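All remarks here apply to the structure that follows.
Bear in mind these aren't lab numbers, they're just calculated from the coordinates by the rules spelled out. The model shown is predicted, which means the values in this text are computed figures rather than measured ones. Cβ: placed from backbone, ideal geometry, glycine included. Neighbour counts: every protein chain shown.
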Amino acid sequence: MSQNPNIPHTSGEKSNDSEDIQEDRLNDPDQSMRKRIPPSTSNPHRCNIGQSSLPWHVSMEELMETAKGVSNMALAHEIVVNRDFKITPAEFPEGSLEKTVKEIVHKAFWDCLEAQLSEDPPTYDHSIKLLGEIKEALLSFLLPGHTRLRNQITDVLDLDLIKQEAVNGALDISKLAEFIIVIMGTLCAPARDEEVKKLKDIHEIVPLFRAIFSVLDLMKMDMANFAVSSIRPHLMQQSVEYERQKFQKIFEKQPNCLDFVTDWLQEASDDLAKLRHTNPPCPGTGAAASVVSALCPVAVQNRAYLKLLKWDHMHRPFPETLLMDHTRFQEMQLELKELILISAILLVLFSVTGVALSSLPWFADKIKAIIKVLLAGGHFFSFNLSESLATVGEKVCAEVNSCLSQHGLTPFTTEREVGLKGQIQALANPDNAICKLIDSRIQTFLEHCLTSGHQKSFPAIPEGLSPIQKEMEEIAVKYVRLVNYNKMVFSPYYDAILSKLLNKEESQLSE
């Protein structure tokens with residue numbers, strides 16, 4: 001694919017020495033990095049990744065180059081761990097100064113173009129500039145083997161020839177526009193066929209030019225996203241090595257920057273040890289040997305990563321190695337909390353209604369959609385779960401009675417409605433047995449997904465989670481990919497820490 005200036009630099013290769021030296025001097029990473037490191041993770045007595053004192057002799061040019069390097073690393077990380085990553089056009093908020101200025105400038109340009117074409121004879125200065133931009137855009141879409149198309153575009157959109165035709169009054173812009181539309185139809189992705197086809201129905205020059213540029217912008221996005229998907233496999237290994245090298249530099253200067261990681265792994269190790277002690281080994285095996293076997297590095301790491309889905313982000317510092325993915329784990333935690341409630345509500349509902357409604361798949365989907373809307377905003381401090389569940393109870397009862405009536409069944413009595421609403425509102429209690437049961441089964445499912453490695457098929461969905469199977473599998477894909485990638489990057493550090501922790505555990509058990 002030819003180089004496209006609209007595709008951002010995403011190389012995971014090691015940057016030059018100057019950038020490497022300045023990486024550790026960076027005091028304030030770019031905005032995208034800061035958003036992934038909440039203030040709660042800051043501690044003046046511990047290492048904070050990417051933050052250190054800024055020497056006075058650092059020039060502005062060096063600082064900007066360093067920031068660019070950090071941005072590239074964050075972008076490479078995003079592409080690797082997020083399979084849904086796409087480059088999208090920048091959209092300014094409605095009513096914002098940026099949007100207003102952009103609209104004014106664009107309107108002025110197109111008004112000027114229309115005024116030039118309305119003159120007698122027409123003036124083509126702006127039109128020729130636009131044709132030149134269109135030509136460059138079309139050429140940027142070509143692959144090296146597109147020799148015939150390249151020659152064709154170059155010949156037809158020869159700006160020198162077009163200028164001569166304009167001087168002599170022989171320029172036919174409509175004919176050139178037809179050629180451009182044909183080439184766009186040849187080069188565009190199938191998803192853009194309809195947009196290109198609509199261009200043929202526009203006969204006025206100015207609206208046609210505006211529409212052509214609009215579709216070209218979409219084609220540029222398609223091309224950029226195709227490039228992203230193409231480089232992802234090649235970027236994986238490079239990104240792993242690159243991130244590890246960057247972290248190693250920080251580690252060499254601040255050896256205590258793994259303190260939170262050590263605490264995190266130690267806690268996971270202790271959890272597994274307690275779990276083994278509360279579940280005695282089979283007769284004939286030594287308890288010490290059983291505990292040690294349970295505390296293999298892989299099991300401890302898996303347990304540690306599961307703990308991130310229940311992390312107290314407000315009061316606990318996040319492990320240093322995972323700061324770039326802090327927001328991702330928070331988002332998954334919120335998604336799982338919502339799924340626990342959805343599954344619990346459906347379990348309560350169908351235990352009351354029985355097979356009359358649980359056998360209707362569309363009904364469960366409808367209730368899920370309603371619950372998601374009513375529980376939206378659960379991550380805000382102002383959100384009141386009890387009140388929201390009361391509203392959910394009202395709406396669910398209304399939908400149940402409507403469905404029962406449609407199928408010729410007796411609607412709920414007032415007493416049954418009150419009972420169902422009460423059970424739904426009781427789910428707001430943190431100690432609710434139903435929520436705890438579903439939470440435990442979700443954790444088991446995700447743990448099985450981690451231990452199953454890179455198998456294409458999912459483990460069997462636990463009982464009671466069938467209504468949210470699709471959502472659980474979507475989260476599992478994101479979660480396992482994120483965990484496996486971070487394991488690859490930081491495995492040398494985790495192995496060194498776990499070696500000390502598990503040797504200490506084994507020594508204590510032997511004593």
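Can you run phi through the Karplus equation (6.51, -1.76, 1.60; θ = phi - 60°) for region 84-95 and list ³J(HN,Hα) in whole Hz, with x for Gly and Pro?
Ordered by residue, 3J(HN,Hα) equals 8, 4, 9, 7, 10, x, 5, 10, 8, x, 4, x Hz.
With the contact rule set at Cα under 8 Å and sequence spacing of 6 or more, what percent relative contact order holds for region 262-510?
Dividing the mean separation by the residue count of region 262-510 yields 24 percent.
Please arrange THR391, THR100 by counting, for each residue, the other beta carbons lying within 10 Å of its beta carbon, fewest first.
Sorted ascending by nearby Cβ count, the order is THR100, THR391.
How fast does region 380-491 diffuse by Stokes-Einstein, in µm²/s, taking the Kirkwood radius from C-alpha pairs at 10 °C and 1.306 mPa s?
93
Ordered by residue, what ³J(HN,Hα) values in Hz, to whole numbers, does region 101-116 give under the Karplus form 6.51 cos²θ - 1.76 cosθ + 1.60, where θ = phi - 60° and Gly and Pro are x?
Computed from phi, the couplings for region 101-116 are 4, 4, 5, 5, 5, 5, 5, 4, 5, 5, 5, 5, 4, 5, 5, 5 Hz.
Quote the Stokes-Einstein diffusion coefficient, in whole µm² s⁻¹, for region 262-510, based on the Kirkwood radius over alpha carbon pairs, a temperature of 10 °C and a viscosity of 1.306 mPa s.
Result for D is 78 µm²/s.
Using modelled backbone amide H atoms (1.01 Å from N, in-plane), which distant-in-sequence or interchain residues come within less than 5 Å of CYS296's amide H?
Sorted by chain and number, the residues that satisfy this come to none at all.
Kirkwood Rh over Cα pairs of region 97-226 into Stokes-Einstein at 37 °C, 0.692 mPa s: D in µm²/s?
Answer, rounded: 209 µm²/s.
Output ³J(HN,Hα) for region 354-371: one whole-Hz value per residue in order, computed from phi by the Karplus curve 6.51 cos²θ - 1.76 cosθ + 1.60 with θ = phi - 60°, and x for Gly and Pro.
Ordered by residue, 3J(HN,Hα) equals x, 5, 4, 10, 5, 7, 9, x, 5, 5, 4, 5, 5, 5, 4, 4, 5, 4 Hz.
Given points 7 Å out from each Cα along the Cα-Cβ axis, report the SER174 to LEU143 separation in nanometres with one decimal.
3.6
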